[in-house]
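Take a look at the structure below.
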């Protein structure tokens with residue numbers, strides 16, 4: 001089973017355009033051999049999970065939310081498996097470690113930390129360039145001299161699907 005990480009802004013920072021993109025993304029990247037891991041809350045994470053659950057290829061257990069809280073109560077309604085960590089933002093490393101590849105869109109400080117963790121763990125991040133935020137800012141860049149070509153710019157859902165099929 002391929003594990004795809006979904007990172008991006010929470011409810012407060014997620015525009016309607018980015019949310020709508022997330023729903024479409026989820027609908028089009030859900031396949032029977034992919035599970036999705038995210039922070040489990042609202043915003044971009046919720047949007048992608050919502051799209052996944054609307055897909056004909058969805059299945060129970062496909063969406064996993066690694067929550068900052070010690071309870072599952074705050075998980076978005078499209079999370080199949082909620083993992084309450086009680087770790088706050090430290091849960092970001094668990095999201096990145098769990099994923100085989102990551103899709104990032106928009107994003108503030110939390111997304112930035114997840115991208116930095118992915119870099120250090122040598123995981124590829126598909127950075128959506130359609131929306132302002134850290135994903136767009138860092139797309140195609142190298143964070144330091146130790147690694148290269150991990151932050152891959154993408155500008156469409158078709159391109160994301162092609163790369164997922166190619167890289168996984």
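The values are calculated or read from the model by the stated rules, or taken from the named source; none is laboratory data. Quantities reported herein were computed from a predicted structural model and do not represent experimental measurements. Note: ideal-geometry Cβ built from the backbone for every residue, glycine included; neighbour counts use all protein chains shown.
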field: Candidate set from region 148-168 (those that are free of Cβ contacts under 8 Å to residues at least 40 places away in the same chain and within 21 Å of residue 94 (Cα to Cα)); member that is surrounded by the most Cβ atoms within 10 Å (Cβ to Cβ)
entry: 151
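Here's the yes/no breakdown for (1) part of a helix (DSSP H, G or I); (2) crowded, with 19+ Cβ neighbours inside 10 Å; (3) over 11 Å from the mean Cα position of the chain (by Cα):
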{"site": "83", "(1), (2), (3)": "no, no, yes"}
{"site": "89", "(1), (2), (3)": "yes, no, yes"}
{"site": "93", "(1), (2), (3)": "yes, no, yes"}
{"site": "96", "(1), (2), (3)": "yes, yes, no"}
{"site": "111", "(1), (2), (3)": "yes, yes, no"}
{"site": "118", "(1), (2), (3)": "yes, yes, yes"}
{"site": "122", "(1), (2), (3)": "no, no, yes"}
{"site": "143", "(1), (2), (3)": "no, no, yes"}
- prompt: Looking at residue 65, is it on the phi > 0 side of the Ramachandran plot and either in contact (Cβ under 8 Å) with a residue 40 or more places away in the chain or in contact with a strand residue (DSSP E or B) (Cβ under 8 Å, 6 or more places away or on another chain) (or both)?
  reply: no
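Go through region 12-23 and give me each residue that's more than 14 Å from the chain's Cα centre (by Cα) and either surrounded by 23 or more Cβ atoms within 10 Å (Cβ to Cβ) or part of a helix (DSSP H, G or I) (or both).
Taking region 12-23 and keeping what is more than 14 Å from the chain's Cα centre (by Cα), we get 12-13, 15-17, 20.
Correct list: 12, 13, 16, 17, 20.
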- line: Selection over region 24-58 where residues are part of a loop (DSSP other than H, G, I, E, B) and surrounded by 23 or more Cβ atoms within 10 Å (Cβ to Cβ) yields a count of 4
query: Residue check: is residue 77 touching a helix residue (DSSP H, G or I) at 6+ places or on another chain (Cβ under 9 Å), buried (at least 18 other Cβ atoms within 10 Å of the Cβ) and in a loop (DSSP other than H, G, I, E, B)?
result: no
field: Only listed residue being over 18 Å from residue 75 (Cβ atoms) and more than 11 Å from the chain's Cα centre (by Cα), chosen from 2, 50
entry: 2
query: Within region 124-141, which residues are in contact (Cβ under 8 Å) with a residue 24 or more places away in the chain and loosely packed, with under 14 Cβ neighbours inside 10 Å?
result: 132
query: Which residues, counting only those in region 98-109, are farther than 20 Å from residue 33 by Cα, touching a strand residue (DSSP E or B) at 6+ places or on another chain (Cβ under 6 Å) and either assigned to a strand (DSSP E or B) or modelled with pLDDT under 95 (or both)?
result: 104
